[in-house]
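Reviewing the structure listed below.
The values are calculated or read from the model by the stated rules, or taken from the named source; none is laboratory data. Quick caveat: nothing in here was measured; it's all calculated off a predicted structure. Cβ placement follows ideal geometry from the backbone for every residue including glycine, while neighbour counts extend to all protein chains displayed.
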Amino acid sequence: MKIVLAPLAEFTDAPFRRLCGEFGADCTYTEMVSAAALFHGHHPTRHLMETMPGEVPVACQLFGANEDEIAYSAREATNLSNGDGPRFCELNLNAGCPMPRIMRSGAGAKLVTNPELVYRLLKAMVDNTNLPVTLKTRLGPRHGENVVCELADAAERAGAKGLIVHARYTSQMHGGPLDLEALANLVGRTRLPVIGNGSIKTVADAAEMAATGVSAIMVGRSALRDPAIFARLKGQDPDSSAPSQALSPYETAVRHLGYIIEFRQMLASKFPEDHILDEDMFVALKARTHLFRYFSGVPGAAALRKRFNAVRTRAELMDVLATTAG
Ligand SMILES: Cc1cc2nc3c(=O)[nH]c(=O)nc-3n(C[C@H](O)[C@H](O)[C@H](O)COP(=O)(O)O)c2cc1C
């Protein structure tokens, strides 16, 4: 079964996606990209749509609530190339983000209760791309109000090719029990392939999710601590070609750091007009958001996190990492 990396704002940038791909993720998603920002020419938003060599197929996720903005953004994402073909393998609409800032704009999980607008937004995407279009959503606004089958119908009518369903309700944000029964019910009712998502940490979690009949599984937060989760989950699959040997936390952090530096150089040379943080600041920022997590659970992790947070330069980061090498 395919295992894919979820879109995670602030996290699923090109270096992290590349790392997850190397650990067996079959496909990854960009961070959510604001259709309004693209439409109004906010240039830094385009950095979120950058990919780097060595990545597995990447889908671009858009969020918005305005058909013109979404149509424009679908065209823009479709026209991006890697030199040897389209940059993205799929365009996805976010109809599940519960953050107040996003919902206030009418986007994200606000769309859960508006299948008609979901239809129009997806149709605007389908009409403006030749890439497959998918919907990422939730089961409904709250327990007892399961509307995902209506959303699936809207997606199918609009010409979408698949669904990704976080098996929770908007009111749960990112915690609380999954409703796998509701997910199984959806899978039994819709003709669209469904990717199941929500708190997959172990092979047993994945098996339980797979038992609903989903066609693939999406992993988000677990990959932040442990990008090798893709290899572990796929280790159960005899056809898997994923690497079976996980790297040590030190090796993972060093490899990730190499990709971070490479990506910053790419951004700086591709967008000379834009403000790109200098290498030391860029590295320090990413060390704080990403690298310390690879040491969660090792002895002294809390103290190590403080040291990662205090890093100001690439050289300082290398010093901190060197202490973890043994
Ligand atoms: C920090 C964070 C950022 C997220 N960003 C996005 C996003 O940009 N787009 C989206 O559709 N979902 C986003 N999500 C939701 C995840 O894609 C996923 O649906 C959710 O975390 C449940 O999966 P998990 O338990 O495997 O993490 C985000 C979740 C978190 C915790």
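For this structure, a couple of remarks:
- Candidate set: the range 97-110, residues that are within 14 Å of the ligand (Cβ to nearest atom) and of a type in the set (D, E, K, R); chosen: the one nearest to E10 (Cα to Cα): R101
- All helices (runs of 4 or more DSSP H) inside the range 214-326 with 1 or more residues being under 21 Å from L5 (Cβ atoms): 221-225, 229-234, 249-270, 279-289
- Wholly within the range 1-100, helices (runs of 4 or more DSSP H) carrying at least 1 residues that are surrounded by fewer than 19 Cβ atoms within 10 Å (Cβ to Cβ) and among the polar types (S, T, N, Q): 67-79
- Matching residues, the range 175-215, being within 13 Å of the ligand (Cβ to nearest atom), of a type outside the set (S, T, Y), within 18 Å of the chain's Cα centre (by Cα) and surrounded by 14 or more Cβ atoms within 10 Å (Cβ to Cβ): I195, G196, N197, G198, I200, K201, A206
- Matching option when the condition is of a type outside the set (G, A, S) and either within 16 Å of the ligand (Cβ to nearest atom) or within 17 Å of R17 (Cβ to Cβ) (or both), among T113, T78, T51: T51
- Residue within the range 26-37 that is under 20 Å from R232 (Cα atoms), out of contact with any Asp or Glu (no Cβ under 6 Å at 6 or more places or on another chain), away from the ligand (no atom under 13 Å from the Cβ) and modelled with pLDDT of 95 or more present: yes
- In the range 1-11, the condition of being touching an Asp or Glu at 6+ places or on another chain (Cβ under 9 Å) and under 20 Å from D274 (Cα atoms) is met by at least one residue.
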